[in-house]
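Notes follow the structure.
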There are 2 protein chains.
Amino acid sequence: MRVVDLIRKKRDGRALTPEEIAFLIRGYTRGEIPDYQMAAFLMATMWRGMTVEETLVLTEEMVRSGRTLEFGHLPEAKVDKHSTGGVGDKTSLVLAPIAAAAGVRVPMISGRGLAHTGGTLDKLESIPGFRVQLPLERIRRLVERVGAALVGQTEEIVPADRKLYALRDVTATVECVPLIVASIMSKKVAEGIDALVLDVKVGKGAFMKSEAEARDLAERLVDVGRRMGKRVRALLTDMNQPLGRAIGNALEVIESMETLKGRGPDDLRALSLELAAHMLLLGDRAADLAEARHMAERILQSGAALEKFREIIEAQGGDPRVVDDYARLPQARFRFDYRAEAEGVVVEAHAERLGTASMLLGAGREQLHAPIDHAVGLIVHKKVGEPVTRGEALCTLYYNDDKRLPRALEQVRAAFVIGATAPPPDPLIRAIV
Amino acid sequence: MRVVDLIRKKRDGRALTPEEIAFLIRGYTRGEIPDYQMAAFLMATMWRGMTVEETLVLTEEMVRSGRTLEFGHLPEAKVDKHSTGGVGDKTSLVLAPIAAAAGVRVPMISGRGLAHTGGTLDKLESIPGFRVQLPLERIRRLVERVGAALVGQTEEIVPADRKLYALRDVTATVECVPLIVASIMSKKVAEGIDALVLDVKVGKGAFMKSEAEARDLAERLVDVGRRMGKRVRALLTDMNQPLGRAIGNALEVIESMETLKGRGPDDLRALSLELAAHMLLLGDRAADLAEARHMAERILQSGAALEKFREIIEAQGGDPRVVDDYARLPQARFRFDYRAEAEGVVVEAHAERLGTASMLLGAGREQLHAPIDHAVGLIVHKKVGEPVTRGEALCTLYYNDDKRLPRALEQVRAAFVIGATAPPPDPLIRAIV
C-alpha cells in the first residue's frame, strides 16, 4: 500500500477501505507517514468528504491509536456531555455536578478556548490550585471516588487526534465535518462512556452558523456514536448571543456557582438542567425525560450539586473556599462600563464579537499556547429583548492591561444593536437529533 | 500574511493576489514555509484551480526563484520545443539539429523518462561520453558556439519547480493543469527563449487522454507564454501509437540518426520537420510556414542537420563516431520476436502499453533515480493499418535480463489488436493552437 495512491483515491472522490484508513492512521501516529502527505490527504478529504463507514473506521482507528479509560467494574452508567463551543457556555460546570450527584459517572475530558470561544479547562484553572492535567490512573480514581473528573486530554488518549488536530490547524482543514466527527467521537469513546449528550451550537457565535450545517454535524455525530454502541443524543442550541451574562474564565466560574446556588441567569440554568436531564435519561437514572428533568431540578435546588462541585474542586487540588468566597478567584484591576448611546431595545448582542472582545482582553488566546489572564472578561447587562435607556451600561469590561481595552471596545461596540422593538426571541433549544 | 489564510482562501475557491503568490513561492523556496502547508495548498489548487492571472504570476515567481539564461548579445532568435511526453518521441534529436543548422539558437533543457514515457536526457546519455548535466555558463557557451545545447535542468534554474515537483509527486497533485503550466513555462522562460513550439500529445500513450483536455492545457500554456512576451504555438499531436518504430534509449538514438540520414520512419520524419518548421517561423527564419517547411526539409536533405548533430555530440563530450558506427552504442544481448497469432490488419498498437513494456525491460524507471539500461527496448515492425500474416513478427524486444521479459511481454501482448480491416488513420497533427 502506498500513501500517494490513497491520497489519489480520496482526491478522485472514492471511498477508502477500512484497511486503507487503518494504514494511514497507524502510519501517521507512528511517524512513518510524513506530515506533508497527511496534509494533502486532509485537504482531499475536505474536498471529497467521507462516507459514514469511512468516518466510523477513522474514529475507531483514532481511538485505537492510544489508551482508553475502562470502568467495566462500576455498575453506574458513564455519561458525558460535549459542546461544539460557544461564548459564555459554562454549562459543564453546572451539569457535571448535577449528573454526578444523581449517580451518573462523568468522565469529562474537555478542551481549551479556541478563537473567540471559551474552554472548560481554562475556566477551571482560574480556581487556585485546580489541576486539569492528570494521568489516566488518577482520572479513573476520581470518577470512581467523586463520580466526576473534569480534566484535559492526556498524552495517552487518542494521540492520533493530537497530531492530526495540530496539522489541521495550520493547513486550513479544521472545518471538515468527517474530521470533526472523528476528532470529537474518538476522544469521547476513549473516555469509556456508555452515553453522550451533544450540545451542537448554532448561530453567530458558533462554528456552525446555519441550522442546516449544525444539523448535518449533529446527525453524523449521533450516527457514528450509535454505530460504536453508545447511546447518543444531540441538542441544537442557540449561540447568536452569549449564554448567561458572564464571559471570561473566573467570571464564568462565579456565574456557574451562582447557578448552582439557584441564582444564575435563566438561560444558563435552563440549558444546564435540560442537558443534565438528557444525561440522566441516557444514563438510566430516569424512566422518561419528564422524570429526568424533575430529578435534575431537585438535585440543583437541594444544594447537592453545589456540594458535589465543592467536592470536585477539592479532589482535583483546588481551593474549595472559592465557593463561598469569590474574592479568592483572580480579580481584574480595572473595569469599564460600555453604555448605550440611544434608548430602545437590544436587538443583537453578537456572540462572536463579545467572545472576541473577551479574548482580546486576555481571556483567550490569539496564538496557540499563549498564556491567558483568568481574571478578565465581560459581564453583559443587557441581552436581546431587554429595554435600555440612553447612558445605561450595556456591558462591563474587566481588564488588567490598558493597552488591550481599545481593540476589545471596538468589538463590543460592533456587537450591540439597539432598535425600537424587540425581535421575536430565538428559542434556546432549536431541535433534538 | 499567514500561510494558513492563503490555503483557506484557495480552499474556498478565491483567487490569490500576486503578492500572496509571491509570498508562498519565495517562502517555500527559502525553506520558510514547510512542506505540509505547501502540500495542503497544492491539493486545494487541484480542487479549485487557478485563474490565468494566478498561473501567470505563479510562473513568473517560479522563474524568479533561480537564475536564468541570458542571450541578449546574440542577434538570432532563441527558440525551443517542448513535448508533454510520449512513447517513441525522439523528435528533439532530429529537430534541434535542423533548427540550429538553420540559424536558430536552441537552448533546450529537457527531462528524463517519466512512467511509461521516454526522456530526451536518457536517450542522449546512451551515447558514450555525452554529458547532459552542465553548469549554466557551459550551456550559454554551447548555444553561442554550436547553436544548440541539449541539457538537463541545473540546480540554479527554477529551484522552486524542483522542490514543488518532488512534493507534487508524493502528494497526488501532479495532474493539475495550472501547476503543470507553471512548471513547464517557468523552465522554458528561464532558458532565455524568444519563442516556443509546444507538442501537446493526445491519446492512449499521452498524459492527456482526450483532445479536450489536451486542448485546454495547450491553450493555457500558449496564453501564459504569450503574456510573458514569448511567441508560442502549440501542436496537438497523436500519441495513440508510438511515434516511429523504436522505443528505448539507444534504439531511439539510432532511429533519430537514420532520420537525419533521410531513412527514418515517415511519421517521425514528418512530425520532426513540421515542429522544426514552426520553430523556424517563430524564429523569424522564414516569412511563412510553407517557406519554413521547405527550409527545414532542405536542411535535412542536405546533410547539414546530421553534421550539426555530430557537432552537438562532440561539444557535449560524446563520441561522434556513433553517427557512422551504431555498434558503439550499448547493445542488448538478447532479442525476442513477438509474433502475430492471426492474420489481419493492426488495429491498435497501444502506446502506453508498449512504453510500459520498454520501461519494464529496463529502459525506464519504476522508481525515481533508479538506474536504467540504455540498450534495451522494442522495435515495432507493424503499426496501425499495416497488414500482418500469422507468425509474422509484430515487434522485437531487446533485453539483457531474462527475468524482465515475462512482464514486458504481457504488456506487448495486450498492446496489439489485430482485426479484419484497417481503421481510418489518426491524423498525426490534430490541431494547432
Return P(r) of region A:164-223 (all Cα-Cα pairs; 10 Å bins starting at 0; whole %; ordered from short to long distances). 20, 48, 30, 1
Size of electric dipole in the protein assembly as shown: Cβ of Lys, Arg +1 and of Asp, Glu -1, about Cα centre, debye, nearest 20: 620 debye
Exposure proxy order (Cβ contacts within 10 Å, fewest to most) of A:D402, B:D89, A:D426: A:D402, A:D426, B:D89
Between A:A115 and B:A212, the two model label points (7 Å from Cα along the beta-carbon direction) sit apart by a distance in nm of 3.8 nm
By counting other Cβ atoms within 10 Å of each Cβ, how are A:C176, B:C395 ranked from fewest to most? A:C176, B:C395
Suppose we keep just the alpha-carbon trace of chain B; what are its Rg and Dmax in angstrom? 21.6, 69
Cα atoms only, region A:1-105: Rg and Dmax in Å? 18.7, 52
Taking 0.36 nm per intervening residue step and subtracting the Cα-Cα distance, what contour gain separates B:E386 from B:R413 on full extension? 8.0 nm
Inter-copy separations for B:P387, label at 7 Å along Cα-Cβ, nm, ascending: 10.5
Rounded to the nearest 20 debye, dipole of region B:124-219 from Cβ charges on Lys, Arg, Asp, Glu: 260 debye
When all C-alpha to C-alpha distances in region B:231-300 are sorted into bins of 10 Å, what percent of pairs does each bin hold, rounded to whole numbers? 20, 45, 31, 5
Just to compare against my own numbers: the Cα pair-distance distribution for region A:326-374, 10 Å bins, whole % per bin, please. 19, 39, 31, 11, 0
Evaluate the Debye formula for region B:79-323 with equal point scatterers sitting on the alpha carbons, no solvent, and hand back log10 of I(q)/I(0) at q = 0.07, 0.14 Å⁻¹, in q order, two decimals. -0.20, -0.88
Distances in nm between the label point of B:R413 (7 Å along Cα→Cβ) and its equivalents in the other copies, shortest first, are 8.1
Which order results if B:T51, B:T84, B:T59, A:T29 are arranged by neighbouring Cβ count within 10 Å, fewest first? B:T51, A:T29, B:T84, B:T59
Can you work out D for region B:3-49 in µm² s⁻¹ from Stokes-Einstein, where Rh is the Kirkwood radius over C-alpha pairs, the temperature is 4 °C and the viscosity is 1.567 mPa s? 124 µm²/s
Tell me which of B:A22, B:M46, B:V4 sits at the most positive position along the dipole axis of region B:3-49, charges placed on C-beta atoms (Lys, Arg +1; Asp, Glu -1). B:M46
Measuring from centroid to centroid over Cα atoms, what is the spacing of region B:107-131 and region B:298-353 in Å? 14 Å
Using a Gaussian network for chain B with springs between C-alpha atoms less than 10 Å apart, which of these wobbles most: B:P178, B:P406, B:P75? B:P75
Candidates B:L378, B:L42, B:L251; GNM for chain B (alpha-carbon contacts under 10 Å) flags as most fluctuating B:L42
Filter the GluC sites (Glu not before Pro) in region B:1-45 down to the DSSP loop ones having no more than 14 other Cβ atoms within 10 Å, then list what survives. B:E32
I need the per residue convex hull volume for region B:277-341, using only the alpha carbons, in cubic angstrom as a whole number. 167 Å³
Size of electric dipole in region A:79-323: Cβ of Lys, Arg +1 and of Asp, Glu -1, about Cα centre, debye, nearest 20: 280 debye
The answer for trypsin sites (Lys or Arg not before Pro) in region B:382-433 that fall in a DSSP coil and have at most 12 neighbouring Cβ atoms within 10 Å is B:R390
Could you list log10 I(q)/I(0) for the protein assembly as shown at q = 0.05, 0.08, 0.09 Å⁻¹, which the Debye formula gives when each Cα is one point scatterer? -0.42, -0.80, -0.89
With one decimal in nm and the nearest listed first, the spacings from A:R298 to its own position in the other copies, using label points 7 Å along Cα-to-Cβ, are 11.0
Counting each DSSP H run of 4 or more residues in chain B as -39500 (n - 2.57), what helix-only mean residue ellipticity at 222 nm follows after dividing by all residues, to the nearest 500 deg cm²/dmol? -13500 deg cm²/dmol
In region B:42-122, trypsin sites (Lys or Arg not before Pro) in a DSSP loop with at most 15 other beta-carbon atoms within 10 Å: B:R67
Taking square-rooted eigenvalues a ≥ b ≥ c of the alpha carbon gyration tensor, is region A:382-433 rounded, prolate or oblate, where a/c under 1.5 means rounded and, failing that, a/b exceeding b/c means prolate? oblate
What residue among A:A166, A:A393, A:A370 shows peak mean-square fluctuation when chain A is described by a Gaussian network model with Cα springs under 10 Å? A:A370
Please state the shape class of region B:69-167: rounded when a/c is under 1.5, otherwise prolate if a/b exceeds b/c and oblate if not, all from the C-alpha gyration tensor. oblate
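Since every read-out is calculated from the coordinates, none of them should be taken as a lab result. Model, not experiment: these values are computed from the prediction. Please note: Cβ atoms are built from the backbone with ideal geometry, for glycine as well, and neighbour counts cover all protein chains shown.
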